[in-house]
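Heads up, the thing below is written out as C-alpha cells.
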Amino acid sequence: MNELQIIEYSNQRVLTTQQLAEVYETSAKNIQMNFANNKARFIEGKHYHILKGADLKEFKNNLPNDIGLVGNRASQLILWTEKGADRHCKILDTDKAWEQFDNLEDTYFKVKEMFNIPKTLPDALRAYADQVERNEKLAIENESMKPKALFADVVSTSEDSILIGQLAKLIKQNGRDIGQNRLFSWMRDNGYLCSKGDNYNLPTQKSMELGSMEIKERTVNNPDGSVRITRTTKVTGKGQIYFVNKLLCWKLK
C-alpha cells in the first residue's frame with residue numbers, strides 16, 4: 001500500500017472514495033456501486049460523511065492546493081470513516097481487501113488514535129501512563145526484533161503476528177531492500193507459501209511446522225444468509241525473527 005495522503009474530518013481520519021478504491025485495488029465506480037446497492041448497511045455519521053455546499057467548500061479550502069483529492073467541479077463528496085472502510089472490505093470480500101484493511105487499521109487509523117490530545121488532567125495522566133507502558137513494550141519488542149547471530153536457534157517470540165507486507169518493511173529496516181511482492185515470490189519459490197490451487201499464498205506444511213506462520217480466519221455473513229470463511233496468512237513473532245535472519249544472508253534472485 002502506497003503512503004496515503006492524510007485527510008481528516010470532524011477530528012477523525014477519513015478516506016475519499018478514490019483513496020479507498022486505490023487501497024483495495026478496485027475502481028471508484030465499484031465502490032460507488034457497492035454503496036448504492038448496500039446503502040441500508042451504511043449509517044451517515046458513522047460509516048461516512050457526505051459534504052455539500054458550504055461544508056464542501058470549507059473542507060476544500062482547508063486542503064493543500066496540490067493534493068488533488070477533490071475535483072474542482074465536485075458538487076458533493078463522500079468521506080469514509082474506519083468503520084466505513086471496514087464495511088466496504090466485507091462487501092468486496094477479497095484477500096487483498098482484507099489484507100489492506102488490516103494495514104489501514106494498524107497504520108492510517110491507529111496513528112491518529114495515538115496522538116489524540118487529552119482534554120482533562122486525569123485523561124492526561126492516564127495517557128501518560130499508557131504511553132510509558134507502550135514505550136516499555138516497544139523497547140522490548142524492538143530488542144527482540146534485532147537480528148540474532150545468523151544460523152543461531154530462534155527462541156524469541158512476539159505476541160503479535162503481522163502481515164507479509166509488514167514483514168517486508170521490517171526486513172528492509174534491518175538492511176535488506178525487499179518489497180512485498182518480491183517477498184511473496186521468494187516465499188513461494190522457497191517452499192514457505194503454497195504456489196497454486198485453493199491454498200495459494202497460504203502457509204505450507206513446512207511453515208506451519210516451523211511455527212513461522214499462522215492463518216487468520218474471518219467469518220463473513222453473506223447477504224443471502226450463508227456464511228463464508230476467508231483466510232489470511234500472518235507471520236508469527238518467531239517467524240519474524242526467522243525470516244529477518246534468513247533474508248539478511250540469502251542471495252535474492
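The values are calculated or read from the model by the stated rules, or taken from the named source; none is laboratory data. All figures in this text were calculated on a predicted structure; none of them were measured in a lab. Counting neighbours? That spans all protein chains shown, and the Cβs are built from the backbone with ideal geometry, glycine included. What goes into the accessible areas is simple: the full protein's heavy atoms, side chains included, and nothing from ligands, DNA or RNA. Shrake-Rupley method; radii C 1.70, N 1.55, O 1.52, S 1.80 Å.
List of remarks:
- Candidates Leu69, Leu77, Leu15 - the one that is open to solvent by less than 30 Å² (accessible area, probe 1.4 Å) and more than 30 Å from Ile229 (Cβ to Cβ): Leu77
- Verdict on Asn190 being of a type outside the set (A, V, I, L, M) and within 24 Å of Leu92 (Cβ to Cβ): no
- Inside region 192-220, residues that are open to solvent by less than 40 Å² (accessible area, probe 1.4 Å), among the hydrophobic types (A, V, I, L, M, F, W, C) and modelled with pLDDT of 90 or more make up a count of 4.
- Against the test of being surrounded by 13 or more Cβ atoms within 10 Å (Cβ to Cβ), more than 15 Å from Glu99 (Cβ to Cβ) and within 20 Å of the chain's Cα centre (by Cα), the options Arg176, Arg182, Arg188 yield a single qualifying residue, Arg182.
- Residue in region 229-251 that is exposed (fewer than 15 other Cβ atoms within 10 Å of the Cβ) and closer than 25 Å to Thr94 by Cβ present: yes
- Close pairs (9 angstrom Cβ cut-off, 6 or more residues apart or separate chains): more than 16 Å from Glu105 (Cα to Cα) in region 163-174, part of a helix (DSSP H, G or I) and charged (D, E, K, R) anywhere: Ala168/Arg182
- Selection status of Lys83, assigned to a loop (DSSP other than H, G, I, E, B), modelled with pLDDT of 90 or more and not hydroxyl-bearing (Ser, Thr, Tyr): no
- Checking Tyr24, Tyr9, Tyr48 one by one, the residue that is of a type in the set (Phe, Trp, Tyr) and farther than 19 Å from Lys90 by Cβ is Tyr9 and no other.
- Figure legend. Inter-residue proximity from region 224-253: first residues at pLDDT below 80 and assigned to a helix (DSSP H, G or I), second residues surrounded by 19 or more Cβ atoms within 10 Å (Cβ to Cβ) and hydrophobic (A, V, I, L, M, F, W, C), beta-carbon distance below 8 Å, spacing 6+ or different chains. Indicated pairs: Leu248/Ile171.
- Taken over region 20-35, the criterion of being touching a helix residue (DSSP H, G or I) at 6+ places or on another chain (Cβ under 9 Å) and either among the small types (Gly, Ala, Ser) or open to solvent by 10 Å² or more (accessible area, probe 1.4 Å) (or both) is satisfied by Ala21, Glu22, Glu25, Thr26, Ser27, Ala28, Lys29, Asn30, Gln32, Asn34, Phe35.
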